[in-house]
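Reviewing the structure listed below.
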There are 2 protein chains.
Amino acid sequence: MTAVAHRERDDLGTASRIMDVAEALVQVRGFNGFSYADIATQLHITKAALHYHYAGKADLGGALITRYATRFAAALAAIDADGGPALRKLAAYADLYLRVLRENRMCLCGMLAAEYQTLPQPMRDAVITFFDDNEAWLETVLQDGTRDGSVKFAGGSRAAARLIVSTLEGAMLVARSYGEPARFQAAAEGLLAGFAAGRA
Amino acid sequence: MTAVAHRERDDLGTASRIMDVAEALVQVRGFNGFSYADIATQLHITKAALHYHYAGKADLGGALITRYATRFAAALAAIDADGGPALRKLAAYADLYLRVLRENRMCLCGMLAAEYQTLPQPMRDAVITFFDDNEAWLETVLQDGTRDGSVKFAGGSRAAARLIVSTLEGAMLVARSYGEPARFQAAAEGLLAGFAAGRA
DNA sequence: GTCTATAGGCAGATAGAC
DNA sequence: GTCTATCTGCCTATAGAC
């Protein structure tokens, strides 16, 4: 058995475990709300070991966004693969947010958007790219929805896509403060109700 | 001329000036993104002087939210005083957010909502109260709108009020990262279009 | 009310042994 | 790869002079 195969079974590798812990810390406390010491403590390693894997906090932050964006893109691809009407895809999209919120976490990039002015430039760029990618995917879904007749909306698909991202991020932000995922669900339902062609 | 009268003309008092600077710092960088040193530098005073006015950062933070909430309540009262249809009040409400965003700032409580898990309890409570107050005001406006015929919405007025707060906070969060207030305007227009009874 | 000086701790980061 | 040890700097906060 190779080392890689072994890792796949019961060890994700230190670099990956560092990201898991750091990701949760950013989503819960923010990038300016945790330190290398916090990660080291949770993993029972030293701060020096962290610096071996990620030279600095900025590097770690950049890697976090990249991985998060990759996972999100995979989730969107999975929604596409499932097929179904566009309106159903929008509901599945909102459900992605809900699953994050249920772990008492904010969207990684939503959290970083709040701290945007304090982030190093590479992290800023990665956050923007994440939102751009989400917007692009939603725009496609909305256009498909016009064709399959499941979705309706006034104005352009781009503006509608942006409205969806903004609403879900904001609903997450507020609902998490209350510790009430149900607030997010209600907001998502209200939002999507406005996009449902059924009652048009 | 009394000392107070003098202050009203060209001096807001040190405590007030500290809050002005701190408020901007929180709205731009977050509560965990600035220090007493930042305030002291901008005001050309020492950190020790800050501690005379606000014993600790948590005290300052609490005072910031209280003042912000008071000002916001006054702005809402002003909107009510202006009268007009409920839909117009909703537009005026969104405009309050836009004016903050134009200064490249996040809503104070929206920013603190992101950092919620790192805040001392008194600040958490004050943030929630701010949202509760906004929701209550919006609910009243929405109910008035149903009566005056300018507003329509599916579901209850409470859910609708929450959707409005969430959408505006989220639109602010995202638009500020892009440095494009126009994104917020578009989102606000899209949101309010869904509440306009004109095309029902 | 504002200052100088300083305490005590934690931040991110590095050197070098193992 | 991970450790111990350490550095430098910044953080919040306090004591005490003026």
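Every number in this text was worked out from the coordinates using simple rules, so none of it is lab data. Remember, it's a predicted structure, so these values are computed and weren't measured experimentally. Every residue, glycine as well, gets a Cβ built from its backbone with ideal geometry; the counts of neighbours run over all protein chains shown.
Quick rundown of the values:
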read-out: Residues of segment A:179-200 with amide N under 17 Å of a point placed 7 Å along Cα→Cβ from B:Ala154; value: A:185-200
read-out: Cα-projected label distance for B:Gln121 with B:His44, points at 7 Å along beta-carbon direction, nm; value: 4.3
read-out: Shielding by partners - mean other protein chain Cβ count within 10 Å, residues of B:157-167; value: 6
read-out: Cα-centre dipole for chain B with unit charges at Cβ (Lys and Arg positive, Asp and Glu negative), debye to 20; value: 280
read-out: Cα→Cβ-extended label distance, 7 Å offset, between A:Ala81 and B:Arg71, nm; value: 5.1
read-out: Cα-Cα separations in chain B greater than 24 Å, expressed as whole percent; value: 47
read-out: Surface/4 estimate of mean projected area, convex hull on alpha-carbon atoms of the protein assembly as shown, nm²; value: 23.2
read-out: Proximal lysines relative to A:Lys57, as straight alpha-carbon distance under 19 Å, when same-chain residues fewer than 8 apart are discounted; value: A:Lys47
read-out: Taking B:Arg88, B:Arg183 and counting other C-beta atoms within 10 Å, the order from fewest to most; value: B:Arg88, B:Arg183
read-out: Percentage relative contact order, chain B, counting C-alpha pairs under 8 Å, at least six apart; value: 21
read-out: Teacher prompt: A:Gly149 distances to equivalent labels in other copies, 7 Å Cα→Cβ, nm; value: 3.5
read-out: Nearest 10 degrees, 0 to 90: helix B:121-148 Cα axis against chain B principal axis; value: 30
read-out: Ellipticity estimate at 222 nm from DSSP helix runs (n ≥ 4, -39,500 (n - 2.57)) divided over the protein assembly as shown, nearest 500; value: -25000 deg cm²/dmol
read-out: Fully extended contour minus Cα-Cα distance, from B:Ala193 to B:His51, at 0.36 nm per residue; value: 46.3 nm
